[in-house]
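First comes the structure, then the notes that go with it.
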Amino acid sequence: MIRTIAALALVQAALAAQTTGPDTTTKNVQLTVVEVVPPINSQVGHAVQVHKPSSANPVQHGPEAFEAFFASLDVRSRGINDVQSDLSMRGSTFDQVHVMVDGVPYTDPQTGHHSMNLPVPIEAVASAVVLPSGGSYRFGPFAFAGVVELQTIDPRSSRGYASASAGEFGYQRAAAGVPLVRKEKLASRLDVGYTAADGAFENTDFATWIAYLQVRRELEVGVLDLKLGYSAKMFGAQGFYSFQYPEQFEHVRGITAAATYRLHGLTARVFARQHHDRFELFRENANYYVPFGPGRWIHAIDSTVTPAWYTGANVHRNRSLGGEITYRTEVKRWILTGGTDARFDEIHSNALGLLLDSPLDGTWGSYTRSDARRNAGAFASAQTSLWKTRIQADLRANLNDRYGVDWLPHLGLDRNFKLGDSRALKAFASTNRSFRLPTFTDLYYSVGGAQGSATLRPEYAWNTEFGSSLTISGTHLIQRVGATAYERRGTNLIDWIYRSVDGNQVLQADNVTAVSIRGLEFEVGGHLAGTWFARAQFASHTASDVNGQSIYALDYLARRVQLTWNSALRRSNAPAPLQFGLVAIGQDRAGSYVLPDGSTTAYTPFATVDLRASYRLGDLLLYADGMNLLNSKAMDRGTIPLPGRWLKLGLRLEWE
């Protein structure tokens, strides 16, 4: 850990020493800029939510920030500390949320379980943005319920940091970020991170590695941005995907590269992503299962032999290639945007896809199956102001080589009202149509009692929301109040259903006829010995008859209350070195889950409290985190308990 941080510091020093002449500046370089408004931030009629991470919060990983600071998001973890987390939005499934980093798609075509395998430490995140209530009209088939984007530190920034922490259950974490080059027309930075722990329960140990490299080059005409991200995770997956065979293990590894060119209102981007996944239904380890003849394994402790149908780990390699071109211009009172995008997804596997004529050697085994698909779209958007009301209309024509053409419209409105010198009211409303393609897992998965369906069709929804927010300037107990009502009317929804087949419980993928999710979100915040926000969400559904036990479409967050507070203690009219950050969450989930004996039981409500106490010594921050201080029995996924109280100590050095 110390060597990692020291090596980064040496790299920075060496690169700085090599620059000469007018480019030998580190802090006062004035770099020109070609700015384009991020499309997720500029959508009219939506309750777009933005959070900028703070070192005062008890947060060390991205999923923790999403859970604490966004009313619309539900983070369902099988393993905390960013081991595996699924994002749901306003009652959606984890496959229905589109994930991006700096405008580059990370949504995985194999399964949404991999969409949060992101290469960015939380310290490198400048802001996290959530676009709820659908986004297919602009971002295509993955944005069924909405979009989440992480926007990272600008490579031109002089900011650097080094973090280290340790805690119970063998927890250890290190992260560092440094600017590598800062010249007049060239800038780059590198952010890296490592986390590992023995786990709070049996077979929940893990280790993760991430790295994110950015290069920005100002050309004679325009600006070129290059991004390269790497992530790897190895973790014991106790009961993650099957309670019948709980001692599972997974190893995933991904690399993503992207190049973006900007010139005035023109943006052109290409990207490539490769993701490897090795899943062992029976963990191959000296303390778990060891080889026992051809294609068989035996448990090292209780001598249980794997079933005859199990022939070894599932191995997958999926590749995504894509690009988009957009142009944005202003004509009198109109803001016009148009563009086109295309994406190619391919998987090679020994479990998912159609049979190959001959096996193909892979990194972690041979691939015997494969599939691929192509998707493209053209979209147009127009924004204007009429009678003091902003209006946005969009239309996307989407073409898929398997499912044909779809039309995806959007209409959004918002208006600002000034209520005196210190108060402003914003009212908004929008409606749009969205859709999602089946993942390769939906289509082909067949192991451990689960069965995909190659005949699945895309799912569709009409998303509607309306609401208002009141902002009061100054320092008051209450400075912001907001409320949003929403509805998603889904048809042909893709779900996994437990059914009884010949006396056995079988999990099958199927298209559910119709499910509608309706809900309310409230937010109030202000100043009380610091900054505080309280958020609440309430949701319900109506559904057509489902033949069996749904595990996704009817399993959602029905009620949740969030409270966040950061202190603002002062000493001698200056911020005091001692500060506190608090996150408290109570939740009640709809739906039920199947127990190993075949019976069903409802989810139990629970509440968690996380607290950080920090002390600043100049550029050095010392902190102690208490996660789940109440030691609550928490469960996001049926039969998979989450850890109780977990204490951590850490330090962070920051510099400019």
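The values are calculated or read from the model by the stated rules, or taken from the named source; none is laboratory data. Keep in mind that what you see is a predicted model, and the values were worked out from it rather than measured. All Cβ positions, glycine included, derive from the backbone under ideal geometry; neighbour counts span all protein chains shown. Surface accessibility is based on the protein's heavy atoms, side chains included, excluding ligands, DNA and RNA. Shrake-Rupley method; radii C 1.70, N 1.55, O 1.52, S 1.80 Å.
Taking all protein chains together and rolling a 1.4 Å probe, residue 446 ends up with roughly 70 Å² accessible. Share of carbon and sulfur in the accessible area of the stretch 528-599 stands at 59%, probe radius 1.4 Å.
Taking Cα centre as origin and charging only the Cβ of basic (Lys, Arg, +1) and acidic (Asp, Glu, -1) residues, the dipole magnitude of the chain rounds to 1940 debye.
Extension gain, residue 578-residue 54: 0.36 nm per intervening residue step, less the Cα-Cα distance, totals 187.2 nm. Determine, from the Cβ-Cβ distance of residue 202 and residue 645 and an R0 of 22 Å, the FRET efficiency 1/(1 + (r/R0)^6), rounded to the nearest 0.05. That pair, residue 202 with residue 645, gives E of 0.75. If you bin all the Cα-Cα distances of the stretch 453-590 at 5 Å, starting from zero, the percentages per bin are 2, 9, 13, 14, 13, 11, 9, 8, 7, 6, 4, 3, 1, 0, 0, 0. The residues of the chain have, on average, 42 Å² of accessible surface per residue, using a 1.4 Å probe with all protein chains present. Here the Karplus curve 6.51 cos²θ - 1.76 cosθ + 1.60, taken at θ = phi - 60°, turns the phi angles of the stretch 618-633 into couplings of x, 7, 9, 10, 9, 8, 10, 10, x, 9, 6, 4, 7, 6, 5, 7 Hz, with x standing for Gly and Pro.
Here the spin labels are modelled as points 7 Å beyond Cα on the Cα-Cβ line, and at residue 399 and residue 478 they lie 5.4 nm apart.
For the stretch 322-447, count the residues as N, evaluate 2.2 N^0.38 Å, and divide the Cα radius of gyration by that value, please.
Values: Rg = 22.2 Å, N = 126, 2.2 N^0.38 = 13.8 Å.
Taking N as the residue count of the stretch 322-447, the ratio is 1.61.
All C-alpha pair distances within the stretch 282-374, sorted into 5 Å bins from zero, spread as 3, 11, 13, 12, 12, 10, 8, 7, 5, 5, 4, 4, 3, 2, 1, 0 percent across the bins.
Rounded, prolate or oblate: which fits the chain when a ≥ b ≥ c are the square roots of the eigenvalues of the alpha-carbon gyration tensor, with rounded for a/c under 1.5 and prolate only if a/b beats b/c? It would help to have the intermediate numbers written out before the result.
Working: a/c = 1.31, a/b = 1.19, b/c = 1.10.
It comes out rounded by the Cα gyration axes.
In this structure, the amide hydrogen of residue 205, modeled 1.01 Å from its nitrogen in the peptide plane, lies closer than 5 angstrom to those of 236, counting only residues at least 5 positions away or on a different chain.
Does the stretch 38-182 come out rounded, prolate or oblate, given a ≥ b ≥ c as the square roots of the eigenvalues of its C-alpha gyration tensor, rounded meaning a/c under 1.5 and, failing that, prolate meaning a/b above b/c?
Details: a/c = 1.86, a/b = 1.32, b/c = 1.41.
Oblate, because a/c is 1.5 or more while a/b does not exceed b/c.
Find how much the distance from residue 604 to residue 255 grows on full extension, using 0.36 nm per residue of separation minus their present alpha carbon separation; answer in nm with one decimal. Don't jump to the answer; show the numbers that get you there.
Working: separation 349, 0.36 × 349 = 125.64 nm, distance 3.82 nm.
121.8 nm is the gain from fully extending residue 604 to residue 255.
Among beta bridges from DSSP that stay inside the chain, the antiparallel ones total about 95%.
Considering only protein heavy atoms and a probe of 1.4 Å, how much of the accessible area of the stretch 81-227 is carbon and sulfur, as a whole percent?
On the way: 1850 of 3330 Å².
Carbon and sulfur atoms account for 56 percent of the accessible area of the stretch 81-227.
Listed cross-link partners 332/426; 52/388; 52/332; 332/388 are compared with a 26 Å cut-off, the Cα-Cα value being larger for 52/388; 52/332.
Maximal additional length on extending the residue 415-residue 569 stretch stands at 51.7 nm, based on 0.36 nm per residue less the C-alpha distance.
Scanning residues 5 or more positions from residue 362 or on other chains, those with amide H under 5 Å from its amide H are 367, with H placed 1.01 Å from N in the peptide plane.
For the stretch 385-479, the square roots a ≥ b ≥ c of the C-alpha gyration tensor eigenvalues yield an a/c of 1.5 or more together with a/b not exceeding b/c, which makes the shape oblate.
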